[in-house]
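Remarks on the structure that follows.
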Amino acid sequence: MMNFLILGAGGREHAVAWKLAQSPLCDALFIAPGNAGTASCGKNVPLSANDFDAIARFCLEEKIDLVFVGPEDPLVNGIVDHFLADDTVKHIPLIGPSRQAAQLEGSKAFAKEFMMRHHIPTAAYREFQAGNYAEGIEYLKAHSLPIVLKADGLAAGKGVIICQSHEEAVKEFEQMIRQQKFGDASKKVVVEEFLDGVELSVFILTDGSDYALLPVAKDYKKIYEGDKGPNTGGMGAVSPVNFADAGFMRKVKERIIDPTMAGLKKDNIPYIGFIFFGLIKVKGEPLVIEYNCRLGDPETEALIPRLQNDLASLFLATARGTLSQETIKEDSRVACTVMAVSGGYPGDYKKGFPIQGLDGDTGESIVFHAGTSARNGETVTNGGRVCCVTSFGHSVEQAVNRSVQVMDKISFEGMYFRKDIGYEFR
Ligand code: AMP
Ligand code: GLY
């Protein structure tokens, strides 16, 4: 029996908590800081995922056997290195990479250089900063449209700008590098060729030498139906993805996953945890849009319910280096996740509105909380993405319809959700 600690507070963490709580290996489950939903799977702990000293102390007090790190910032900030440098907690395994390995997400320039070095297909690019600013302007002016600008560092999902004109590109470039639009994260900018295709999210869990391929998912980033409007953290997801057929996935494995694993070994970068390959399929061929060093949100809410393995066993095998002995088992049904967000999101929004109808779990549907908190016995909104419903179905259409039906019974002031998740597969 083991004690687990989950770091994070979103829908991804609720889905992981929901799954771990079902494991016969799970004794105590803690979530820091968690949300009103995770409180029904384990015990919420009022600690920030970025307060490494407090987390280490808590792990000792509660005899935590394994820590799952949900979001990217503690990983990029070096929580794994912090634990390894502390003799009192260095024996506690974390599911997540070191600070250096997390640079695959923490620095777009690092990720691009890694892909170039290991011949992993990705968009052509150049990187610029204050030192070669003038050269950058010339490069932009000669670049074909649209032009993709990416802040090098973490920018809470807002650091990618797709510019439709040279004027816009020059203006954004100036704001990113000279005005530090995204703070230090945009001191360096990656300028990239625009790729036109369909995106998908591929996840592996690796113990440093072997890996397990998880169910493939697709997320829907735009706020409005028909993929219109600004980008969000994600408005929904489906799993599996029918255009990721066996032939395409073979290319993904041979050209992307295996070279990434080999590249990490060659560069002497130990990697334990999840790798999220943000891929795009262009004329039948996979290319990497980005790496993330964690699970995706809301992809996790769609793929975890389809995972038939015991998640605690998978985590344990990852920590022990025995993942090669595990076989991933997927539910053959489709899962579709629909996310409800606060009015105004992804711009400014208010928090603290009471939420009704969150008790809609059925055999086929699960309600996961994202930005929620408990207040005087009520559940209230506490973020942009508030809650989501994942449903199974024999088709995407059936799964989405079930999620929408459960979502129709949930209400809070300003609530909005997309009813067209998975539209291209229906
Ligand atoms: P990211 O913040 O890296 O996840 O990028 C956000 C979104 O921008 C991606 O999901 C894509 O939809 C889009 N994007 C990023 N890079 C490119 C590219 N080179 N070509 C087309 N779209 C891109
Ligand atoms: N859904 C995309 C992400 O988690 O970054």
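The values are calculated or read from the model by the stated rules, or taken from the named source; none is laboratory data. Note that the coordinates shown come from a computational prediction; the quantities given were computed from them, not determined experimentally. Because the Cβ atoms are built from the backbone with ideal geometry, glycine has one as well, and the counts that use them run over all protein chains shown.
Answer yes or no: is there a residue in region 251-274 that is within 16 Å of ligand 1 (Cβ to nearest atom), on the phi < 0 side of the Ramachandran plot and part of a strand (DSSP E or B).
Yes: region 251-274 contains one or more residues that are within 16 Å of ligand 1 (Cβ to nearest atom), on the phi < 0 side of the Ramachandran plot and part of a strand (DSSP E or B).
Working only within region 88-106, note down all residues that are more than 16 Å from ligand 2 (Cβ to nearest atom) and in contact with an Asp or Glu (Cβ under 6 Å, 6 or more places away or on another chain).
Correct list: 98, 99.
Given the criterion within 16 Å of ligand 2 (Cβ to nearest atom), outside any loop (DSSP other than H, G, I, E, B) and either at pLDDT below 95 or not β-branched (Val, Ile, Thr) (or both), identify the matching residue among 335, 312, 317.
Details: 312 fails: within 16 Å of ligand 2 (Cβ to nearest atom); 317 fails: within 16 Å of ligand 2 (Cβ to nearest atom).
Step by step, each of 335, 312, 317 is checked, and only 335 is within 16 Å of ligand 2 (Cβ to nearest atom), outside any loop (DSSP other than H, G, I, E, B) and either at pLDDT below 95 or not β-branched (Val, Ile, Thr) (or both).
Give me the pairs: first residue in region 220-242 and more than 19 Å from residue 365 (Cα to Cα) and more than 14 Å from ligand 1 (Cβ to nearest atom), second residue of a type in the set (D, E, K, R) and in a loop (DSSP other than H, G, I, E, B), beta-carbon distance under 8 Å, and six or more apart or on different chains, which are they?
224/418; 225/418; 225/419; 225/420; 226/420
Scan region 29-44 for residues that are surrounded by fewer than 18 Cβ atoms within 10 Å (Cβ to Cβ) and either assigned to a helix (DSSP H, G or I) or aliphatic (A, V, I, L, M) (or both) and jot them down. Working first, answer last.
Initially, region 29-44 is screened for residues surrounded by fewer than 18 Cβ atoms within 10 Å (Cβ to Cβ), giving 33, 40, 43.
Scanning region 29-44 gives a single hit, 40.
Return the only residue of 400, 386, 367 being within 24 Å of the chain's Cα centre (by Cα), in contact (Cβ under 8 Å) with a residue 40 or more places away in the chain, part of a strand (DSSP E or B) and closer than 21 Å to residue 222 by Cα.
Details: 400 fails: part of a strand (DSSP E or B); 367 fails: closer than 21 Å to residue 222 by Cα.
Of 400, 386, 367, the one residue that is within 24 Å of the chain's Cα centre (by Cα), in contact (Cβ under 8 Å) with a residue 40 or more places away in the chain, part of a strand (DSSP E or B) and closer than 21 Å to residue 222 by Cα is 386.
Select from region 111-161 the residues that are within 16 Å of ligand 2 (Cβ to nearest atom) and basic (Lys, Arg) and write down the one among them that is nearest to residue 182 (Cα to Cα).
Applying the first criterion (within 16 Å of ligand 2 (Cβ to nearest atom)) to region 111-161 yields 111, 150-151, 153-160.
If we keep only those that are basic (Lys, Arg) as well, we get 150, 158.
Values: 150: 10, 158: 9 Å.
In this case the residue turns out to be 158.
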